[in-house]
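> Below you'll find the structure I mean.
The values are calculated or read from the model by the stated rules, or taken from the named source; none is laboratory data. Here the structure is a predicted model, which is why all the values come from computation and not from measurement. Here the Cβ positions follow ideal geometry from the backbone for every residue, glycine too, while neighbour counts run over all protein chains shown. The accessibility values were calculated without ligands, DNA or RNA, using every heavy atom of the protein model including side chains. Shrake-Rupley method; radii C 1.70, N 1.55, O 1.52, S 1.80 Å.
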Amino acid sequence: MRSRSLLVKGVGSVFLCLSASVYGFGCTATPKTGFITVAVLSSPNSLDPRIGSDETSQRIHTLIYDYLLALDDQLRVVGGLASSWEQADPVNYIIHLRQGVRFHDGHELTADDVVYTFRSFIDPAFVSPRKGAYRSLDRVDAVDRYTVRFTLKEPFGSFPINLVMPVVPNGAGPDLRDHPIGTGPYKFVSFAVDDNVTLAANPDYFRGRPTNDGVVLKVVPDEIMRALELRKGTVDMVVNDLSPDVIHQLAEEKSVTIAESPGTDYAYVGINMRDPVLKDRRVRHALGYAIDRQAIVDYLRRGLARPAVGILPPASWAFDEGVFQFTHDPGKARALLEEAGYRDPDGDGPEPRLRLSLKVSTNEFIRLQAAVIQQDLKQVGIDLDVRSYEFATLYNDVLKGNFQLFTLQWVGVSDPDMLRRVFHSKQMPPNGFNRGYYENPEVDRLIDAAMAATTDEDRRRLYGKAQRVLAEDAPYISLWYKTNVAVSRTQIEGVKLTPSAEFTFLREVTKH
């Protein structure tokens, strides 16, 4: 336990040392009166929501645009720009639009704008990283001025979550990338690459004018600089872009406040199910019992997480609370290894029961976490060779199945269809995300039935059964769910984070 504390202190000391040497760091722009300045990691790639898929772009999209459908706090699909919607039959969805909603240039939102937005994704000439989500979409048609029909090629119960998508104006071209026009709570003002994006409050927003004058998203790539600018007051807020150690340091500051909410990001150990050692479920369970997840949460995450039991977050409407979950039980881990034939060769001596390798990124926190996992596995007789790589190299190895174990995170898990994309046998690379080559006919059957189900009650029941089988099979060793954290100046009020931590809450934030 002491070694974990030392690991954490080593990271935190970086912030303390740098704060003394660069506290006088200047900033390129002074926040405007009545504007909320938020530090972000990087410039957006594209302000056209059909194209921009990086985190900064998506955060800005939520401020400039409105979504056709939206997610509530239980990650259930609800109305957005749609006043209501229904499934007419297994392949047809009818969307009824709100009337009187206007784009920032003054024209009214109609079915033509919705049709144009979603036809882009099935247009062979349109290039977008989002097109894969719409492979099941056959056509989009305007029924009348405020009604749209989506027709699928085949039944797909999770399709509505693909309508949680911003709507752009009919006919919008390449200019939308840098000069966006939406219906959202903020209007675009300016974009200085690698510096800032400035948005002004939309006085005619159909849900009511924002409580502030606007938002400035200031690009601050370095974490220490983000913390220092927050302390100085040259930025008002940082959301999910500070490490637990830096947040712990800032918690001592009287000039800042911290808001938290359960998040949807999921950290895990991925397992190669084709590996001759790891295909034995007893070995996988031994790993699960050996790893002290609570210690990782308490000491490395500084409490800013909770132990995970599966890829779906507890906030999800489809989450099953009754799934099997590992406790920290080294004795049970040793017994399982004995049962699997991996006996201790020399009692309390140095020789291990078996050797495994774990691939991780070069991220400092991930390396510290890997060191803790290495120590835990050593206690049960597993010699773990930890190898760190630049992310691109690690990711390429994972895609090729070139690993025994690896650690990564799934970010923003919101729909139970992730179970299909990650664990269905037909989703192995290059077709999907089943990178551990997991196969279980019962899981396939349950997921297929859930996809074809027409009611949330049936989908919840079937996805629940699938989660229970997966938890017992352990194709992943779940580590933790991230806690969303917003650190802001004390003058900022009204911060309320959602599970997905999107920036929609900013329209109700005030600055005194």
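> Could you tell me the relative contact order of the stretch 101-159? Use alpha-carbon pairs under 8 Å, at least six residues apart, and round to a whole percent.
29 percent
> So, one more: Rank these by accessible area, largest first, 1.4 Å probe: V193, V215.
If we order V193, V215 from most to least accessible, we get V193, V215.
> Express in Å², to the nearest 10, the accessible area of T327 obtained by rolling a 1.4 Å probe over the protein heavy atoms while all chains stay in place.
80 Å²
> Using the alpha-carbon atoms, what tilt in degrees (0 to 90, nearest 10) does helix 55-64 show relative to the longest principal axis of the chain?
30 degrees
> Would the stretch 263-362 count as rounded, prolate or oblate if I go by the C-alpha gyration tensor, calling it rounded below 1.5 in a/c and otherwise prolate when a/b exceeds b/c, oblate otherwise?
prolate
> Follow-up question, since we're still on this one. Could you work out the helix-only [θ] at 222 nm for the chain, with each DSSP H run of four or more residues adding -39,500 (n - 2.57) and the total divided by the number of residues, to the nearest 500 deg cm²/dmol?
Taken over the chain, the calculation gives -8000 deg cm²/dmol.
> Modelled label-to-label distance, Q379 and N170, 7 Å Cα→beta-carbon offset: nm?
Reported label-point gap for Q379 and N170 is 6.5 nm.
> Tell me the Kirkwood radius of the chain: reciprocal of the mean inverse pair distance over distinct alpha-carbon atoms, in Å.
When all Cα pairs of the chain are included, the Kirkwood radius is 24.7 Å.
> Rounded to whole Å and sorted largest first, what semi-axes of the equivalent ellipsoid does the C-alpha gyration tensor of the stretch 387-471 yield via the square root of 5 times each eigenvalue?
Details: eigenvalues 151, 33, 23 Å².
Taking √(5λ) for each eigenvalue gives 28, 13, 11 Å, largest first.
> Separate question: Just need the relative contact order of the chain here, percent rounded to a whole number, with Cα pairs under 8 Å and 6+ apart. Walk me through the numbers on the way to the answer.
Numbers: 1042 pairs, mean separation 98.5, N = 512.
It comes to 19 percent, rounded to a whole number.
> Taking R0 as 45 Å, what FRET efficiency do you get between D105 and S388 from their Cβ-Cβ distance, rounded to the nearest 0.05?
Calculated value: 0.35.
> Largest first, how would K332, K153, K232 line up by accessible area (1.4 Å probe)?
Ranked from most to least accessible, the order is K153, K332, K232.
> In addition: How large is the accessible surface per residue of the stretch 148-259, computed with a 1.4 Å probe and reported in Å² as a whole number?
Result: 38 Å² of accessible area for each residue.
> How many Å² of accessible area per residue for the stretch 298-379, probe 1.4 Å? Before the final figure, lay out the partial values.
Values: 3960 Å² over 82 residues.
I get 48 Å² per residue for this part.
> Per-residue accessible area for T234 at 1.4 Å probe radius, Å² rounded to 10?
30 Å²
> Quick one: angle between helix 223-232 and the longest Cα principal axis of the chain, in degrees between 0 and 90, rounded to 10, please.
That helix lies at roughly 60 degrees to the long axis.
> Another question, then. Could you size up the charge dipole of the stretch 203-253 around its Cα centre, putting +1 on the beta carbon of Lys and Arg and -1 on that of Asp and Glu, and report it in debye to the nearest 20?
240 debye
> So, one more: Counting only the heavy atoms of the protein chains, how much of Y116 is accessible to a 1.4 Å probe, in Å² to the nearest 10?
Looks like 60 Å² after rounding.
> Relative to the compact-globule scaling 2.2 N^0.38 Å, provide the ratio for the alpha-carbon radius of gyration of the stretch 316-461.
That works out to 1.27 for the stretch 316-461.
> Can you give me the pair-distance distribution of the stretch 244-294, C-alpha pairs, 10 Å bins, whole percents?
For the stretch 244-294, the pair-distance distribution reads 17, 29, 22, 18, 12, 2.
> Protein chains only, probe 1.4 Å: how do M273, M237 rank by accessible area, largest first?
M273, M237
> Here's another thing I want to ask about it. Given V77, P49, A88, which one lies farthest toward the positive end of the charge dipole of the stretch 39-90, if we put +1 on the Cβ of every Lys and Arg and -1 on the Cβ of every Asp and Glu?
Most positive-ward Cα: P49.
> When only Cα pairs under 8 Å and 6 or more residues apart are kept, what is the percent relative contact order across the stretch 72-115?
Relative contact order of the stretch 72-115: 24 percent.
> Let me ask something additional. Counting only protein heavy atoms and a 1.4 Å probe, tell me what percentage of the chain's accessible area is made up of carbon and sulfur.
48 percent
> Moving on to the next point. I need the calculated FRET efficiency for the pair R367 and D141, taking r as the beta carbon distance and R₀ as 56 Å, to the nearest 0.05.
With R0 = 56 Å, the Cβ-Cβ based efficiency is 0.60.
> What does the charge dipole of the chain about its Cα centre add up to, to the nearest 20 debye, if the Cβ of each Lys and Arg holds +1 and the Cβ of each Asp and Glu holds -1?
In debye, rounded to 20, the chain gives about 360.
> Charges on Cβ only, +1 for Lys and Arg, -1 for Asp and Glu, centred on the Cα centroid of the stretch 327-376; of G349, A335, Q375, which one is farthest towards the dipole's positive end?
Working it through, the farthest residue towards the positive pole turns out to be Q375.
> Hey, if you put +1 on the Cβ of every Lys and Arg and -1 on every Asp and Glu Cβ in the chain, which of P244, F191, Y116 ends up farthest toward the positive end of that dipole?
P244
> Which lysines have a Cα less than 22 Å from the Cα of K131, not counting those fewer than 8 places away in the same chain?
Within the straight-line limit of under 22 Å, K131 reaches these lysines: K153, K426.
> Any idea what angle helix 2-21 forms with the longest principal axis of the chain, computed on alpha-carbon atoms, 0 to 90 degrees, nearest 10?
Between the helix axis and the principal axis of the chain, the angle is about 40 degrees.
> Where both partners of a DSSP beta bridge lie in the chain, what percent of those bridges are antiparallel, to the nearest 5?
75 percent
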